[in-house]
Amino acid sequence: MSEKPSLWVERFLPLITAGGLVLDLACGQGRHSLLLAQLGHRVEAVDRDVEALARISARAPGIVTRAADLEGGPWPYHGCAFDAIVVTNYLFRPLLPMLLNALEVNGVLIYETFMVGNERLGKPANPTFLLRPGELLEVVRPRLSVVAFEQGQVDTPRPAVVQRLCATRRLDPLLPA
């Protein structure tokens, strides 16, 4: 995976409340956690890779890291509310409702991951880790206001078939944040 932040994520960072609390779910090497911290956000970075989390902490001690098995363990954020949640290159469907519940009023969900069709181009190829067409829209529309949605093949940072969504939990979707 790329070490540079996702252009999709970067595009929607201005929607996050200044200094907001942001969850970087399945943060990997922390490319988005580090960027969010540089922008002045309070960041919670969660992943199962303890060594990667240690490297993130060494680079940015202000980032709160949490080692958690998101697929086999309990949801570590019951009762927590985030101003934004960022998820890239990760899909575990049972967590989707929990993410929506953990989003604060006026919060922003920025999500980008692989979808059906990616198996032609590389990994992941397992349908368990590939969204169906329009799946993110189906999940968030009942509860969030969709700001932007894209799906299809991209060429950068490498050829892949992806689905991308930015949505907000606005009290009134017609009013600015």
task: Tally the residues that are in contact with a strand residue (DSSP E or B) (Cβ under 8 Å, 6 or more places away or on another chain) and either assigned to a helix (DSSP H, G or I) or open to solvent by less than 20 Å² (accessible area, probe 1.4 Å) (or both), restricting the search to the range 14-25.
output: 7
query: Any idea which of L165, L171 is hydrophobic (A, V, I, L, M, F, W, C), modelled with pLDDT of 95 or more and touching a strand residue (DSSP E or B) at 6+ places or on another chain (Cβ under 9 Å)?
result: L165
query: For the range 87-99, which residues satisfy the criterion of being surrounded by 15 or more Cβ atoms within 10 Å (Cβ to Cβ), not in a strand (DSSP E or B) and not hydrophobic (A, V, I, L, M, F, W, C)?
result: N89, Y90
- request: Collect the residues in the range 106-134 that are hydrophobic (A, V, I, L, M, F, W, C) and at pLDDT 95 or above, keeping them in residue-number order.
  value: V108, L109, I110, F114, M115, V116, L130, L131
query: Could we say that A102 is touching a strand residue (DSSP E or B) at 6+ places or on another chain (Cβ under 7 Å), exposed (fewer than 14 other Cβ atoms within 10 Å of the Cβ) and closer than 21 Å to T17 by Cα here?
result: no
message: On the basis of being touching a Phe, Trp or Tyr at 6+ places or on another chain (Cβ under 9 Å), at pLDDT 95 or above and assigned to a loop (DSSP other than H, G, I, E, B), does G28 make the cut?
response: yes
field: Subset of the range 62-86 that is part of a loop (DSSP other than H, G, I, E, B) and out of contact with any helix residue (DSSP H, G or I) (no Cβ under 9 Å at 6 or more places or on another chain) - its residue that is most open to solvent (accessible area, probe 1.4 Å)
entry: P74
field: Where V43 falls short, out of the listed (1) among the β-branched types (V, I, T); (2) farther than 18 Å from R164 by Cβ; (3) open to solvent by 10 Å² or more (accessible area, probe 1.4 Å)
entry: (3)
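For (1) without any contact (Cβ under 8 Å) to a residue 40 or more places away in the chain; (2) crowded, with 16+ Cβ neighbours inside 10 Å; (3) within 20 Å of D24 (Cα to Cα), each residue gets a yes or a no:
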| position | (1), (2), (3) |
| --- | --- |
| N106 | no, yes, yes |
| V116 | no, no, no |
| L121 | no, no, no |
| T128 | yes, no, no |
| P133 | yes, no, no |
| P142 | yes, no, no |
| V147 | no, yes, yes |
| V162 | no, yes, yes |
- prompt: Going by the structure shown, is R59 open to solvent by 20 Å² or more (accessible area, probe 1.4 Å), of a type in the set (K, R) and in contact with a helix residue (DSSP H, G or I) (Cβ under 7 Å, 6 or more places away or on another chain)?
  reply: yes
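The values are calculated or read from the model by the stated rules, or taken from the named source; none is laboratory data. Just so it is clear, the structure is predicted and the values come from calculations on it, not from any experiment. Because the Cβ atoms are built from the backbone with ideal geometry, glycine has one as well, and the counts that use them run over all protein chains shown. The protein model used for the area step is the full one, side chains on, heavy atoms only, and it has no ligands, DNA or RNA in it. Shrake-Rupley method; radii C 1.70, N 1.55, O 1.52, S 1.80 Å.
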